[in-house]
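Heads up: the structure comes next, in structure tokens.
Where a number appears in this text, it was derived from the coordinates with a stated rule and is not lab data. Treat the numbers as computed from the prediction; the structure is a model and nothing was measured. No Cβ is skipped: glycine too gets one built from the backbone with ideal geometry, and neighbour counts run over all protein chains shown.
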């Protein structure tokens, strides 16, 4: 029994070298340190301060940094905001989007 418990512990314990090794995968989770140069922050601040602007949207493909830009801006300016994702990944939604684009054209 002791041998079995020791074997289980060995299998599930992390080795220090494995934890320190760089991962071959890129973490695409949002970060709040994305806009170091402040380029996006300047544009967002101008939009927020413009009384004619009532909505702001960032668009781009998955992993392009939209959420990171927003989180960085909110952290730097100590602002709270409601974030809404309009992403659609279902085949029906993609088809509906294509139909809508055809109607617009």
What distance in nm separates the simple spin-label points at residue 78 and residue 53, each placed 7 Å from Cα in the Cβ direction?
-> 2.2
Sort 40-46, 65-71, 26-32 for me by packing, meaning the mean count of neighbouring Cβ atoms within 10 Å per residue, highest on top.
-> 65-71, 40-46, 26-32
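Output the relative contact order of segment 32-82, whole-number percent, from Cα pairs under 8 angstrom with separation of 6+ residues.
Answer for segment 32-82 is 54 percent.
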